[in-house]
Each structure stands twice: as C-alpha cells, then as structure tokens.
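The values are calculated or read from the model by the stated rules, or taken from the named source; none is laboratory data. This is a predicted model, so every value here is computed, not measured. Cβ coordinates were reconstructed from backbone atoms using ideal geometry, including for glycine residues, and neighbour counts include every protein chain displayed.
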Amino acid sequence: MSAAQQRPSESTAGSGAGRQGGAGDTRERLIEAASQLLAGGGPEAVTMRKVGELAGVSRAAPYRHFDDKEDLLRAVALRSLEAVRSEVMEALPTAATPPAEVPAALRRAFFAYLRDGIDRPEHYRLTFGEHLSYVDGPGVHEAAKALIERCVDALAQGQRAGAIRAGDPHDMAVLAWSALHGLVTLATSGHLAHKGWDTVEDGVLARLVADLVAGLTARDVPGGTAAPPTAVSPDRPASG
C-alpha cells in the first residue's frame with residue numbers, strides 16, 4: 001500500500017479519538033478513503049470493499065452509511081465541489097471591491113478554479129466531467145448552481161461599478177466557465193502538452209487567466225479590453 005493510501009485510521013491508531021469515533025467519524029473516513037482511491041485511479045478504482053479496507057472498517061460498514069458506490073461518490077463529489085467553491089467564492093469581487101481591483105479579484109478566483117482542476121484531475125472529472133449520475137444527487141447540483149450564481153452576481157456588481165463591460169452577466173459567467181473548463185480538460189488530458197503547450201505552470205496559467213479577464217473588463221479600467229467586443233455573425237467571420 002502506498003503512502004498516499006495509508007489507512008485514514010492509522011493516524012489515530014491506539015488513541016482514544018480513533019477508538020471512540022462515532023458514525024460521523026466513520027462516514028468521514030469512508031469519504032476520505034474513497035477520495036484517495038479516486039485520486040489514484042478514477043471512479044473505476046473505487047469499490048466499497050477497497051474503501052472499507054482503506055478506512056479500516058468492516059466490509060459491511062460502508063453500506064451502513066451509503067447505499068452503494070454511486071452514493072459514496074456523490075458524497076466525494078460534493079466535498080470536492082464545496083472545497084473549490086469556498087476558495088473561488090472567497091476570491092470573487094464583492095460590492096465593496098473598488099472598481100480598479102475587480103479584475104485582480106476575478107483573476108484570483110478564476111486561477112483558483114483552474115489550479116484546483118489541474119491539481120486534482122480525477123476529482124474535477126467526477127464533479128464536472130461526464131459522470132453526471134454523481135452530481136445529480138442532493139446537494140451537488142445546488143452547490144454547483146450556487147457557484148455559478150455567485151459568479152453572475154460578481155460580474156453584475158462589477159458592471160454597476162463600471163469595472164466590467166456591458167453584456168448579459170449570466171452569459172459572461174457561462175462563457176468564462178466554459179473557457180476555464182476547456183483549459184482544465186485539455187491540460188489534464190495531455191492534449192496541450194502533446195502540442196508543446198505546457199499550460200500547467202503557474203506563469204502560463206496566470207497569463208491565460210489574465211487574457212480571459214481582460215475580455216470581461218471595461219475599457220477604461222486597467223487591464224481592460226482595448227476595444228469593445230465585436231459581434232460576429234455565425235454565418236460569416238468578422239471583417240478585418
């Protein structure tokens with residue numbers, strides 16, 4: 001067993017805390033064990049038997065807390081989403097943020113999302129990838145929706161302060177999310193590295209995020225776009 005997959009209970013082996021943990025403690029250990037297995041091999045590496053072994057509990061114990069593997073992975077997805085949501089929401093600008101500081105706050109928030117997805121690719125895929133069944137449970141959909149709504153609010157507040165360019169803030173938030181999602185997906189799949197673009201370095205990521213935020217920023221705010229966005233017809237490219 002690798003160091004990364006040491007039993008969560010080993011840190012408290014022989015201690016009163018380890019022996020006296022109740023149902024809540026066991027549930028947390030199961031989620032942590034599943035999270036470790038997920039990080040090492042994706043959803044396919046997570047089985048109820050392996051989770052029980054890694055958590056140091058009986059084979060029946062996981063089923064006393066979760067209906068099945070899918071139910072357990074929903075809990076892992078929610079925990080992962082709550083972690084990145086907390087970091088992003090803390091960094092996003094608020095109504096009290098001075099207009100000149102809004103772009104920097106957006107850069108910090110977007111970078112946090114991007115960095116988390118690249119650092120924890122299997123957790124990101126579980127939460128924002130093709131495994132829709134894992135994010136359709138109680139709490140997960142609501143947490144993701146709350147994150148998007150907070151981004152929309154931040155952009156709308158930035159518009160009222162004159163820091164963000166005109167446009168539908170919901171559309172702008174979805175487009176920004178799509179761009180970040182695309183970067184995470186291409187970086188973690190190896191497609192960008194295969195083509196010689198090393199996007200996992202902080203300096204490269206920071207430049208890409210800065211370009212993304214510049215497209216959202218009002219022209220008269222430092223770091224804003226040099227020209228207003230050009231409407232492009234889906235039928236023909238914009239003229240040069």
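Rundown of residues vs (1) at pLDDT below 90; (2) of a type in the set (G, A, S), yes/no style:
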| residue | (1), (2) |
| --- | --- |
| A156 | no, yes |
| D168 | no, no |
| G203 | yes, yes |
| L212 | no, no |
| L216 | no, no |
| G224 | yes, yes |
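The residues on offer are L114, L92, L126, and the sole one that is under 16 Å from A154 (Cα atoms), touching a residue at least 60 places away in the same chain (Cβ under 8 Å) and in contact with a helix residue (DSSP H, G or I) (Cβ under 7 Å, 6 or more places away or on another chain) is L92.
Checking G42, G22 one by one, the residue that is at positive phi and at pLDDT below 95 is G42 and no other. When segment 185-209 is limited to residues that are in contact with a Lys or Arg (Cβ under 9 Å, 6 or more places away or on another chain) and crowded, with 17+ Cβ neighbours inside 10 Å, the one that is farthest from D153 (Cα to Cα) turns out to be T188.
If the requirement is being part of a helix (DSSP H, G or I) and closer than 28 Å to V174 by Cβ, which of these qualifies: R64, R74? Criteria check complete, one pass: R74. On inspection, A112 fails the criterion of being assigned by TED's automatic domain parsing to the domain that holds T188 and surrounded by fewer than 19 Cβ atoms within 10 Å (Cβ to Cβ). When segment 50-73 is filtered for residues that are in contact with a Gly (Cβ under 6 Å, 6 or more places away or on another chain) and surrounded by 22 or more Cβ atoms within 10 Å (Cβ to Cβ), only P62 remains.
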